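Before any comments, here is the structure.
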Amino acid sequence: MRKPYWTRRTHLFRADEYICSACGRVSAKPWKTCPECGSIMKKVKVEASWVDEMEAVSAIVDDDW
Ligand SMILES: [Zn+2]
């Protein structure tokens, strides 16, 4: 059985969100227990898809030295 955890979703222009892995509740803070289903949270996973996109752009290197 998998332990419940928060998935942290970061945004460029608004506050971070935390999503319960057990019930899918979106919360503004990583509570110790989920206010929806009561799961005891062990950890927070970070999900930052927009960071990958930014790094892909800055990885373009001018190699014409
Ligand atoms: Zn929950």
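Which residue, of Val61, Val51, is surrounded by 10 or more Cβ atoms within 10 Å (Cβ to Cβ) and at pLDDT below 85? From the options Val61, Val51, the qualifying one is Val51. Restricting segment 1-27 to residues that are more than 12 Å from Lys45 (Cβ to Cβ) and more than 14 Å from the ligand (Cβ to nearest atom) leaves a set whose member that is modelled with the lowest pLDDT is Met1. In segment 28-49, the qualifying residues are those that are part of a strand (DSSP E or B) and in contact (Cβ under 8 Å) with a residue 12 or more places away in the chain, and the one that is nearest to the ligand (Cβ to nearest atom) is Ile40.
The values are calculated or read from the model by the stated rules, or taken from the named source; none is laboratory data. For clarity, every value in this text was computed on a predicted model and none was experimentally measured. Cβ: placed from backbone, ideal geometry, glycine included. Neighbour counts: every protein chain shown.
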